[in-house]
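The values are calculated or read from the model by the stated rules, or taken from the named source; none is laboratory data. Values in this document were obtained by computation on a predicted structure and should not be read as measured data. Note that we place each Cβ from the backbone using ideal geometry, even for glycine, and neighbour counts take in every protein chain shown. Ligands, DNA and RNA are excluded from the accessible area calculation, which covers all protein heavy atoms including side chains. Shrake-Rupley method; radii C 1.70, N 1.55, O 1.52, S 1.80 Å.
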Amino acid sequence: IYKEQGRVDEYFDYMAAQGGRFTKSYQDSLSYSSAFDRYTSGNCESSLKDFANYINKFPNGFFKVQAHYYKAECEYALKKYEEALADYLVVIQSGRSEFLERSYRFSANVYFFKKDFENAYKNYNKLETYAQSKENLLASL
């Protein structure tokens, strides 16, 4: 119930008060999983808070890249472009991942919206290097 409601910190506190102890790894996984579940249910507003909490609590956590990516996706969808850009850049700086291609595309879009054409060009150019889909290859040109 705590996980489904995004209240994993309360769960950890309750269990600690009962004498329960959890590894950092377990806390990392459960915290990310709770945020991701809310994201996949389409609840971007809540998952934004949950991903931010995860990133704050586990800045070098096992799911760091994924948390920044899904947080960026929600921010972009909610037109919070500056915040999305910051998270997409973390994904890009982390190196190769399944999220790299899309992060280059949407970070380039944000730079373009901001009329920062130099950085937009750089990211579209990188997108061309990593593009796997025709759609992204066309966007990079």
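Leu30 meets all of the listed conditions (1) surrounded by fewer than 19 Cβ atoms within 10 Å (Cβ to Cβ); (2) farther than 29 Å from Val8 by Cα; (3) not small (Gly, Ala, Ser) but one, namely (2). Residues in the range 84-109 that are touching a Lys or Arg at 6+ places or on another chain (Cβ under 9 Å) and either among the aromatic types (Phe, Trp, Tyr) or without any contact (Cβ under 8 Å) to a residue 12 or more places away in the chain (or both): Tyr88, Tyr104. Return the total of residues in the range 38-48 being open to solvent by less than 30 Å² (accessible area, probe 1.4 Å) and touching a Phe, Trp or Tyr at 6+ places or on another chain (Cβ under 7 Å). Final tally of qualifying residues: 1.
Residues in the range 113-122 that are open to solvent by less than 70 Å² (accessible area, probe 1.4 Å) and either in a helix (DSSP H, G or I) or touching a residue at least 12 places away in the same chain (Cβ under 8 Å) (or both): Asn119, Ala120. The set of residues in the range 1-27 being assigned to a loop (DSSP other than H, G, I, E, B) and either surrounded by fewer than 19 Cβ atoms within 10 Å (Cβ to Cβ) or modelled with pLDDT of 85 or more (or both) consists of Ile1, Tyr2, Lys3, Glu4, Gln5, Arg7, Gln18, Gly19, Gly20, Arg21, Phe22, Thr23. With respect to Phe51, determine if the residue is surrounded by fewer than 19 Cβ atoms within 10 Å (Cβ to Cβ) and either touching a strand residue (DSSP E or B) at 6+ places or on another chain (Cβ under 6 Å) or modelled with pLDDT of 95 or more (or both). Against the criterion (surrounded by fewer than 19 Cβ atoms within 10 Å (Cβ to Cβ) and either touching a strand residue (DSSP E or B) at 6+ places or on another chain (Cβ under 6 Å) or modelled with pLDDT of 95 or more (or both)), Phe51 does not qualify.
Among Tyr70, Tyr88, which is at pLDDT 95 or above, open to solvent by less than 20 Å² (accessible area, probe 1.4 Å), within 12 Å of the chain's Cα centre (by Cα) and among the hydroxyl-bearing types (Ser, Thr, Tyr)?
Only one candidate qualifies: Tyr88.
Report whether or not Leu78 is touching a residue at least 12 places away in the same chain (Cβ under 8 Å), out of contact with any Cys (no Cβ under 7 Å at 6 or more places or on another chain) and either more than 20 Å from Ala35 (Cα to Cα) or open to solvent by less than 70 Å² (accessible area, probe 1.4 Å) (or both). For Leu78, the condition - touching a residue at least 12 places away in the same chain (Cβ under 8 Å), out of contact with any Cys (no Cβ under 7 Å at 6 or more places or on another chain) and either more than 20 Å from Ala35 (Cα to Cα) or open to solvent by less than 70 Å² (accessible area, probe 1.4 Å) (or both) - is not met. Hey, among Asn125, Asn136, which residue is at pLDDT below 95, assigned to a helix (DSSP H, G or I), open to solvent by 60 Å² or more (accessible area, probe 1.4 Å) and among the polar types (S, T, N, Q)? Just one listed residue meets the conditions, Asn125.
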